[in-house]
Amino acid sequence: MLDAVLIQQCADPSLKPAIVEQFIARAGSQDPLTITVRSGNRVVLVPKPTTPEEALALIRDNLGRNTVRAGITQYPAGVGIVESGQLKPDMVEPCENIRMGTALFAKVYRIVTKWYGNPTAKDVLPQVMDDAVIAWQTGYFEGVAVFRAEDPGQEKITRPATADPEESENGNDPNKDNAAAATATDTVASDPNKAGIRIDLSGIGARP
């Protein structure tokens, strides 16, 4: 079982530790050097890496023609990557992999939760988790490519604010408008899943 301290220190704070534990137990690996390569529905047999450098070389050799998952969270290695040269060894470093993987899974979980109508009933939440794990493993939920989809949690940040009638009468504050625009720009720039010029290689071979 994964160290609870590691989860507390590295996992995305928007996810409860119990959810992170379930996510890694069901979709991840206890070995940070685990690299899974798939071609369609077929698992490609690859040599087991013994160092981060070997793991990275294995990812580079298969990225672009196969679906590659890496590390403790089985992070989709092609997300946000334009070319294999952008890959870094910290993708298989335990804490960094957990940080990256849980941040992306948190978005997937929010997408699924929103589709269910943001339920709070305890009898529904296990189904939400089941579907979120399947979406993580396949890259799709209800026909949506979840790794490239808009994050429901970012909507309030990226969506322009509705103008207040009183402010419209007295004139809008240009400083507020500029700050809002800067925030939206920063949000898009910091999230590789939203970069339109990038190519998502993680879904190659996956079926909706």
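Does segment 133-142 contain at least one residue that is open to solvent by less than 30 Å² (accessible area, probe 1.4 Å) and under 15 Å from residue 77 (Cα atoms)? Scanning segment 133-142, I find at least one residue that is open to solvent by less than 30 Å² (accessible area, probe 1.4 Å) and under 15 Å from residue 77 (Cα atoms), so the answer is yes. Residue 148 meets the conditions (1) over 25 Å from residue 10 (Cβ atoms); (2) at pLDDT 50 or above; (3) open to solvent by 60 Å² or more (accessible area, probe 1.4 Å) in every case but one. The failed one is (1).
Just one of (1) touching a strand residue (DSSP E or B) at 6+ places or on another chain (Cβ under 9 Å); (2) closer than 19 Å to residue 147 by Cα; (3) crowded, with 17+ Cβ neighbours inside 10 Å fails for residue 55. It is (2).
The conditions of being in contact with a Lys or Arg (Cβ under 9 Å, 6 or more places away or on another chain), part of a loop (DSSP other than H, G, I, E, B) and at pLDDT below 50 are met by residue 161. Evaluated against (1) closer than 17 Å to residue 136 by Cβ; (2) at pLDDT below 95; (3) open to solvent by 30 Å² or more (accessible area, probe 1.4 Å); (4) within 18 Å of the chain's Cα centre (by Cα), residue 99 falls short on exactly one condition, (2). Suppose we filter segment 25-52 for residues that are under 24 Å from residue 113 (Cβ atoms), open to solvent by less than 100 Å² (accessible area, probe 1.4 Å) and out of contact with any Ser or Thr (no Cβ under 6 Å at 6 or more places or on another chain); how many remain? So the answer is 2.
Residues of segment 52-90 that are at pLDDT below 95 and part of a loop (DSSP other than H, G, I, E, B): 64, 65, 77, 78, 79, 80, 81, 82, 83, 87, 88. Restrict the check to segment 112-122 and report whether at least one residue is in a strand (DSSP E or B) and at pLDDT 95 or above. There is no residue in segment 112-122 that is in a strand (DSSP E or B) and at pLDDT 95 or above.
Evaluate the following for residue 9: is it touching a residue at least 24 places away in the same chain (Cβ under 8 Å), more than 16 Å from the chain's Cα centre (by Cα) and surrounded by fewer than 19 Cβ atoms within 10 Å (Cβ to Cβ)? Considered against the rule, which asks whether it is touching a residue at least 24 places away in the same chain (Cβ under 8 Å), more than 16 Å from the chain's Cα centre (by Cα) and surrounded by fewer than 19 Cβ atoms within 10 Å (Cβ to Cβ), residue 9 comes out as yes.
The values are calculated or read from the model by the stated rules, or taken from the named source; none is laboratory data. Model, not experiment: these values are computed from the prediction. Every residue, glycine as well, gets a Cβ built from its backbone with ideal geometry; the counts of neighbours run over all protein chains shown. Protein only, heavy atoms only, side chains kept; ligands, DNA and RNA dropped before computing areas. Shrake-Rupley method; radii C 1.70, N 1.55, O 1.52, S 1.80 Å.
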